[in-house]
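Have a look at the structure below, then the notes.
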Amino acid sequence: ILKSDVQYEFDAVHLERNSCLSVNGWDPMRKRGGRLIIHCFGAFHVKDGAVINVSQCGYHGGRLPMSSGESACKGGGGGGVASGGGSYGSKGEDGQHPTCAELGKAGQCYGDARISDLHLGSGG
C-alpha cells in the first residue's frame with residue numbers, strides 16, 4: 001500500500017505475480033486520501049495475477065434514493081436510485097429510472113477530459 005496523495009516517480013514499475021498495488025482510502029473528515037499518483041518514465045509491467053486495486057478508495061457513493069455521492073463539486077456522483085452522474089471532465093447524465101417522478105441531476109462539471117489537473121472521480 002502506497003501513501004495516498006503523493007506523486008511517486010519511477011524509472012520503471014514491475015508488479016510481480018500475485019502482488020497488489022493500492023492506496024489508503026478517502027477520509028472525508030480530513031479531506032484527503034484515495035488517490036494513487038504514479039509517474040512512470042519507462043516500462044510499467046503488471047504480471048499475470050498482479051492487480052492495481054483502488055476499489056472503494058475514493059469518494060463515498062450515495063446511500064439512499066435520490067442521494068448523490070461525494071464529489072469535488074456540488075452535485076456529486078451517482079448512487080441510490082435515479083441520482084445523476086458526477087461530471088468529471090464532461091457533463092454527466094441526469095438520473096434515469098422508469099418509475100421515479102423525481103430524478104437526480106448531474107453534478108457540476110469539474111476537471112477536464114485531458115486530466116491536466118488530478119481530481120478524484122465522483123462517488124457512485
Practice prompt. Could you provide, to the nearest whole Å², the per residue accessible area of the range 1-58 with probe 1.4 Å?
Written response: 71 Å²
Worksheet, complete the sentence: Cβ-Cβ cut-off under 13 Å around SER22, Lys and Arg +1, Asp and Glu -1: the net charge is +2
Item to complete: Would you grab the residues whose amide H sits under 5 Å from the one on LEU21? Only those 5+ places off in sequence or on another chain, please, with H modelled 1.01 Å from N.
Response: VAL51, ILE52, ASN53
Worksheet item: So how exposed is HIS39, as accessible area in Å² (1.4 Å probe, rounded to 10)?
Response: 80 Å²
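The values are calculated or read from the model by the stated rules, or taken from the named source; none is laboratory data. Keep in mind it's a predicted model, so treat the numbers as computed, not measured. We place every Cβ from the backbone using ideal geometry, glycine too, and count neighbours over all the protein chains shown. With ligands, DNA and RNA removed, areas are computed over all heavy atoms of the protein, side chains included. Shrake-Rupley method; radii C 1.70, N 1.55, O 1.52, S 1.80 Å.
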